[in-house]
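A short worksheet on the structure shown next.
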Amino acid sequence: MASAFLLSTGFVLAAGGPVLLRMGWNGPRPAVALGWAALGFALVLTLTAGGAWGLAAGATLASLVALGLLAVAALRSPAPARTRAPREPALRRAPRPSLPDIARRTGIFLIIALADLVASLALGWGAQRLAWLSGMAEADALLVGLFALPLCWALLASWQLTRIRITDMLLAALAVAIAGGLPWLTL
């Protein structure tokens, strides 16, 4: 009986939270604090009384109320005034790529695709080796290496694509390869 009361109270708070937030949007600021507090209490009550199902049902109810409030606001707002579209300049043709430009783009692709893969692989192997030496089981150490490889590759490629010079890109790949290869080869 108490569980049903807590769950229904949580549902009422979950439905009232978005209403209070909407009231406080351009109105009194305490309504915003009350809205967030209601949603927080609803989270605690629905989770306590109904577990994961109660939490999911409360979140769904709060989302439906918020969606309804959004629909009402959309229906009440006036349509935008029609204005003349600004004139856009005529399209220009892209300049033809030159041979040095094509070579540079190919070099960047090879660095990101191949050199970074090799460097990330070395770092993954090194991380796997360090994890194994620190006492992890073989399967867990392998997962550390398998997690490190794509993460390193994505981070390295993201950083390199902000660089201008190709030598900076190559030095970063080389530094990662050495950092990963040393523990793998020496320990």
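The values are calculated or read from the model by the stated rules, or taken from the named source; none is laboratory data. Small disclaimer: the values here were computed from a predicted structure and weren't measured. Here Cβ is always computed from backbone atoms with ideal geometry, including for glycine, and neighbour counts include all displayed protein chains. Heads up: the accessible areas ignore ligands, DNA and RNA and are worked out on the full protein's heavy atoms, side chains in. Shrake-Rupley method; radii C 1.70, N 1.55, O 1.52, S 1.80 Å.
Quick notes on this one:
- Residues that are open to solvent by 100 Å² or more (accessible area, probe 1.4 Å) and among the charged types (D, E, K, R), drawn from segment 105-117: Arg105
- Segment 43-92 - residue that is farther than 21 Å from Ala2 by Cβ and β-branched (Val, Ile, Thr) and, of those, farthest from the chain's Cα centre (by Cα): Thr83
- Only one entry in Phe109, Phe41 is touching a residue at least 12 places away in the same chain (Cβ under 8 Å) and of a type in the set (Phe, Trp, Tyr), namely Phe41.
- The one condition in (1) among the hydroxyl-bearing types (Ser, Thr, Tyr); (2) buried (at least 16 other Cβ atoms within 10 Å of the Cβ); (3) closer than 30 Å to Leu21 by Cβ that Ser120 fails to fulfil: (3)
- Selection of segment 138-187 for residues being among the acidic types (Asp, Glu) and farther than 19 Å from Ala113 by Cβ yields Glu138, Asp140.
- Exactly one residue out of Gly54, Gly68 is within 14 Å of Leu13 (Cβ to Cβ), at pLDDT 85 or above and either assigned to a helix (DSSP H, G or I) or in contact with a His (Cβ under 7 Å, 6 or more places away or on another chain) (or both): that is Gly54.
- Enumerated helices (runs of 4 or more DSSP H) restricted to segment 110-187, each holding at least 3 residues that are in contact with a Pro (Cβ under 8 Å, 6 or more places away or on another chain): 116-133
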